[in-house]
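The values are calculated or read from the model by the stated rules, or taken from the named source; none is laboratory data. Please read all numbers here as calculations on a predicted model, not as lab measurements. As a convention, Cβ positions derive from the backbone with ideal geometry for all residues, glycine included, and neighbour counts pool all protein chains shown.
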Amino acid sequence: MIDGDHDEFANPVWWSAAARLLDSEEGRQMVRFADAERALNVTTLPDTAKSFLVAALIERCKRRAVIFVPDEARARTMAHEMASFFSKNEILTFHARDYVLYDARAVSRDQELQSASTLTRVLFDDYSVLLVTADASKQRLMDPDRFGSYAIRLTRGENVDTDQLEKALTFCGYERVPQIECPGHFARRGDIVDIWPSDVDSESDALNAIRLSFFDIILDEVKTLDPETQRSTATLQKVVIPPARIFLLQEEERQMAAVALDEATSDAVGHARKSGASRDVIEKVRRTGTRDAERFREMHSFPSLDRWSPLFLTDTYTVLDYVPKRIRPLFFLDEPLHFSKRLHAAHEGFLARLTRYVETGDAYALSEACEVVPEDVLRRLGRQHSLIAFAGMARSGNGIPGAEHVALRARPADRYRTEPARLVEDLKRLFSKGGEALLFAGDDARAERLSGFLAENGLPAAPVLTNDYPRGFAVDHASVLVLGSEDLFGTRKVRGAKRKPSSRRTFFKDLEPGSLVVHEDHGIGRYEGTKTIVTSDGARDYLTIVYQDALLHMPVDRIDLISPYIPTGGGRPRLSKMGGNDWHRQKERARTSIRKLVTNIVALYARRRKVKGHVYRPDTLWQQEFEDAFPYEETEDQKRVIAEVKADMESEKVMDRLVCGDVGFGKTEIAFRAMFKCVMEGKQAAMLAPTTILVQQHYENLMNRVAHFPVRVSSLSRFSPESEQKRTVKELEAGSLDIVIGTHRLLSKDVRFHDLGLLVIDEEQRFGVDHKEMIKALSPTVEVLTLSATPIPRTLHLSLSGIHDISILEEGPEDRLPIQTTVIEYDEELVIDAIAREQARRGQVFYVHNNTHTIDRCARELSEKMPGVRFGVAHGRMSEKNLETVINAFINGEFDVLVCTTIIESGIDMPRVNTLIVENADRFGLAQLYQLRGRVGRSGRQAYALITYRPERVIGEEAEARLAAIRDYTELGSGFKIALRDLEVRGAGNLLGAEQSGHLDAIGYDLYSKMLEEEVVHVTGEEQPPPRVATVIDLVTDATLPLAYIQEGEDRLEMYRRIAAIKTIDDYRDVYDELLDRYGNVPDEVEALLDISYLRAFGERVGFSRIRTEGQDVEMILDEEMPVSMEIVSRLVAVAGERDQVTFMAGYRPKVIMAGAADKPKKVPARLRELFAAAERMGKER
């Protein structure tokens, strides 16, 4: 078994198959033509062999490769195949960008950032393989020399003017922010500059953010940065920061473009008048030009700058001009005829769109020159001397005119999944002729099994690689056989980059003056910001919180006592009173209710534990085969949850497990594996889903999975034909049916099972109380697995995990293209164009109109303006049957556009829906938009979201704030972490029920979660931590976080929380290192703030009620009522050196005295920290 990563690229086992292919007569001819830089047509070459051949030629000729492919799908396939021979970071794809031809408020920049980064790496020779789609090959670009000159090259140790660096970053299109959160951001804090260029390799786990640390003007350190933790990682010697824009204009160029646009506007208005355009269109033409001319004069860039590129691009350059000729790359053209057709079709589509925009006044005809015409692209490509064209079949026009021709005579490999004996026979025959084979298993586990099987059958030296090359090929006359993972196992394991859960807390991300907070002792108040107050003891920072009857100034190192108030409903609570007992009574009511909830759950589980369930055997070989057929690589979360479910089934206890995870995170696969395991024991499994559509989708997916196994599956719902229902019911009772998937029809009295072993409930929250009682009554020994797409907070999961079997899937596949999002003023013509575009590629559209009173009229008006487009309507006031009928028709392609409210199913798979249009987006919260946007882009196609608002409506302050947030909707920053947090808290309310949801609202989520955890510990009889004294630190020193060091805002509050959370000296050092890393040298007053937090935590562990200075001494007074750790006291005395005379004084008020330590009051915190740290270390050593 061989690890096929890049460091194994030249491995003899890999290379022997490639070398044999290139040593054939045809192979030698290809190498000869490549070396001589002559054009060549290679035919009878299946798609499955092309990537392997390119990799072989790259290795033999030691040159880079530039491959022109017809479309995005082919680019993705080849990039995936190439990853079997090169690291993913060496494989670049230059994707087509969508031109913004109309006026937009904001546009997501993913495509532009990726294109700019790719072009920079190509210019600097930082790649092995470059893939270019037909659509991307025709897009006009800047002069490559000028573009490359704007890339910022930095080397450690050189002198850099940070003000000039900031100007350069801004000019290049980077946006300055307090903290980088997505590509295109940079942040500057004193001598620290963080930059996040585009992460070109979207499948890579690496996050390519950079941290620069300066010592005066010397670039002291260059490090990679993890934006999630905001901590630097590896050290670099030098770095190249690519521009963040495709087009970069100097001041003079912008002014010239503005003048040219003024002239173009005059011409366009004149042309519109001559062509008889309406007054509105003529006015729009004028407004389009004058508005953008003003933007040219005022700013570097704006979303619709694309459409004016012909005004400032004097020469014609494409991606081909960015490939330096000095490196003599190998050029490849995949299927010339198909490439040419796609090139012409893409250009015609662009012209059709532009024509529509010109007619409506949104664009000018000059924008036609944004692209190079197809004939010119093909001419430029034909001028590359070392161009090799690949064609599956030799036919007219499918090659380079006048070039030599080689027929490789390769064929797609045979499939061996169900014929392992034939695989052994074919390999032995091949090796007996001296041939070469290469077997790609797809992952480690498959490779190990395959290697073992081959060794058992006399083929121990057969080369098996772990990489995933999906389909292979055979060149029989050269005795070369390459088998892919699909050839060997029937399916390939798709490896997508994992969407990892955020490890950082987002609780303070949106806490700003005016936000509501919950204080454990005083209740709900209004946060008004931080304030530095100077007293005789020095300057300290305080949080200001307003209550109904008082103002509270709270030391920042006690920030752990407050948390933001997150409502589970829509109401806004009243502020609490600091005086009186109202808040105390509210807390006690919540605590009583929580105790009752926990007691009931514990009692229920105790009863269930007394019932002995069926003990399932370990996995069978068929189980392994079934799981191998899953076409995706499991996430770590999935592997963990599958193991938890199987452990439940293989134990005596009856399973009752809840699995929570977002749509697409793999819950259904977990259920399928449990059901199959159940059936392997001769028992029956049932799956309960809330709608017939979900039932049908689950049924079809499972049928595909069990096609090769003797497992009988059926579906059951009220909409099934009567005869079919009767047959299913009869077979269930007789035991001849193994698995049934149905709606609540399954719970009818006539449905009886022969031997039900497992019940899976999908979307449990969609079933009513009556249905849930019927489920429980089925049988006390039936294993129950419940699936929920409602996210719940991790803290709640941890609190309940001791008493409730809950599994959480937080890691999802993220191998989809980012959704291209545009925020615009509502314009019917642009909406119609978006629908027409999606229909042209045979896709479907969600049109969200969230008003049931006017939704039918909206659909009717759109339908009248778009004859031939089929519109459906779906909303919550329709009957369940009608709603399901409409959605089913939409899934089956009977409608092109579904005009709907926010009711649309999130759990249903609709891969053809790739455009979302949202009306009146300012009326939605970010959480709603987050959920809506997740309903498109579930396939490999580019998805679009058009977020619209109506400018003529007068909107309030709150809606204005939402609209401002929607403008940032194009970047997946902290705003969406907040939205997700809010969704989780609502999910907590749904999970715990109405009564608990009321208490959640009354006391806030954080406090509720803390009380829940305490009650679980209490009810389950776990050892409770001893009560701790609240240590008062009474030392004379300045302990603040100066605004010059960390500015007011979310970062400052988050750092206060980090400081307040210090418990040990290791925590202290971690926070100190973070401050040093992120903000530069730590000022004395900040160090004192950290010291005080550590001293308080240590004092609470010992039992000090107060630490204070008394004359020249420092006194640490022990609490009389709380338990005291005399062991730590003795360690303090033991570790004190000659300088620190530490003594313990017993008596009426026992205390520890550090004599003479207060001679320099401002040094006291640091001296105490050193003493306490030494005592802590001694405790660890013992």
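Below, the figures for the structure above:
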{"quantity": "Test: residue in the range 334-343 that is among the aromatic types (F, W, Y) and under 23 Å from L130 (Cβ atoms)", "calculated": "yes"}
{"quantity": "Boolean, Q725 is within 24 Å of L883 (Cα to Cα), at pLDDT below 95, in a helix (DSSP H, G or I) and within 39 Å of the chain's Cα centre (by Cα)", "calculated": "no"}
{"quantity": "The lone exception for V281 - which of (1) in contact with a Gly (Cβ under 9 Å, 6 or more places away or on another chain); (2) exposed (fewer than 15 other Cβ atoms within 10 Å of the Cβ) it fails", "calculated": "(2)"}
{"quantity": "Filtered residues of the range 360-402 (kept if in a helix (DSSP H, G or I) and of a type in the set (D, E))", "calculated": "E368, E375, D376"}
{"quantity": "From the options G484, G442, residue that is modelled with pLDDT under 90 and within 38 Å of the chain's Cα centre (by Cα)", "calculated": "G442"}
{"quantity": "Residue list for the range 206-254, filter: on the phi > 0 side of the Ramachandran plot and surrounded by fewer than 19 Cβ atoms within 10 Å (Cβ to Cβ)", "calculated": "D216"}
{"quantity": "Odd one out for F676, checked against (1) under 25 Å from Y605 (Cβ atoms); (2) more than 24 Å from the chain's Cα centre (by Cα)", "calculated": "(1)"}
{"quantity": "Matching option when the condition is farther than 22 Å from D762 by Cβ, of a type in the set (G, A, S), within 27 Å of the chain's Cα centre (by Cα) and surrounded by fewer than 20 Cβ atoms within 10 Å (Cβ to Cβ), among G937, G925, G893, G872", "calculated": "G925"}
{"quantity": "Enumerated strands (runs of 3 or more DSSP E) restricted to the range 405-487, each holding at least 1 residues that are in contact with a Ser or Thr (Cβ under 6 Å, 6 or more places away or on another chain) and not aromatic (F, W, Y)", "calculated": "436-440"}
{"quantity": "Pair list, Cβ under 7 Å, 6 or more apart: the range 1052-1078 residue free of Cβ contacts under 8 Å to residues at least 40 places away in the same chain, other residue of a type in the set (S, T, N, Q)", "calculated": "I1062/S1093"}
{"quantity": "Of the criteria (1) in contact with a Phe, Trp or Tyr (Cβ under 6 Å, 6 or more places away or on another chain); (2) farther than 30 Å from A56 by Cα; (3) modelled with pLDDT of 95 or more, which one V319 fails", "calculated": "(2)"}
{"quantity": "Subset tally (residues that are of a type outside the set (D, E), out of contact with any Leu (no Cβ under 8 Å at 6 or more places or on another chain), outside any loop (DSSP other than H, G, I, E, B) and in contact (Cβ under 8 Å) with a residue 24 or more places away in the chain) for the range 565-589", "calculated": "3"}
{"quantity": "Considering residues of the range 728-749 that are over 38 Å from the mean Cα position of the chain (by Cα) and at pLDDT below 90 only, the residue farthest from A671 (Cα to Cα)", "calculated": "K749"}
{"quantity": "G682 being surrounded by fewer than 21 Cβ atoms within 10 Å (Cβ to Cβ) and within 26 Å of V751 (Cα to Cα)", "calculated": "yes"}
{"quantity": "Strands (runs of 3 or more DSSP E) lying entirely in the range 115-219 (those with 3 or more residues that are out of contact with any strand residue (DSSP E or B) (no Cβ under 9 Å at 6 or more places or on another chain) and at pLDDT 95 or above)", "calculated": "none"}
{"quantity": "Looking only at the range 607-654, and only at residues there that are within 16 Å of V782 (Cα to Cα), part of a helix (DSSP H, G or I) and not acidic (D, E), the one that is farthest from the chain's Cα centre (by Cα)", "calculated": "K610"}
{"quantity": "Residue match in the range 788-801 (condition: modelled with pLDDT of 70 or more and either part of a helix (DSSP H, G or I) or more than 20 Å from D98 (Cβ to Cβ) (or both))", "calculated": "yes"}
{"quantity": "From the options A268, A260, A277, residue that is within 30 Å of Y174 (Cβ to Cβ) and either of a type in the set (A, V, I, L, M, F, W, C) or in contact (Cβ under 8 Å) with a residue 40 or more places away in the chain (or both)", "calculated": "A260"}
{"quantity": "Residues of the range 512-536 satisfying the condition of being in contact with a Phe, Trp or Tyr (Cβ under 6 Å, 6 or more places away or on another chain) and over 13 Å from S576 (Cβ atoms)", "calculated": "S515, K531, I533"}
{"quantity": "Members of the range 1065-1097 that are surrounded by fewer than 16 Cβ atoms within 10 Å (Cβ to Cβ) and either polar (S, T, N, Q) or not in a helix (DSSP H, G or I) (or both)", "calculated": "N1081"}
{"quantity": "Criterion: under 27 Å from the mean Cα position of the chain (by Cα) and in a loop (DSSP other than H, G, I, E, B) - qualifying residue of A79, A96, A73", "calculated": "A96"}
{"quantity": "Unique match (being on the phi < 0 side of the Ramachandran plot, modelled with pLDDT of 85 or more and surrounded by 14 or more Cβ atoms within 10 Å (Cβ to Cβ)) among I566, I524, I601, I533", "calculated": "I524"}
{"quantity": "Residue check for L621: surrounded by fewer than 18 Cβ atoms within 10 Å (Cβ to Cβ), free of Cβ contacts under 8 Å to residues at least 40 places away in the same chain and not assigned by TED's automatic domain parsing to the domain that holds V760", "calculated": "no"}
{"quantity": "Subset of the range 1127-1152 that is aliphatic (A, V, I, L, M) and over 26 Å from D1067 (Cα atoms) - its residue that is surrounded by the most Cβ atoms within 10 Å (Cβ to Cβ)", "calculated": "M1145"}
{"quantity": "Helices (runs of 4 or more DSSP H) contained entirely in the range 805-913, each with at least 2 residues that are charged (D, E, K, R), touching a residue at least 12 places away in the same chain (Cβ under 8 Å) and more than 27 Å from T355 (Cα to Cα)", "calculated": "880-891"}
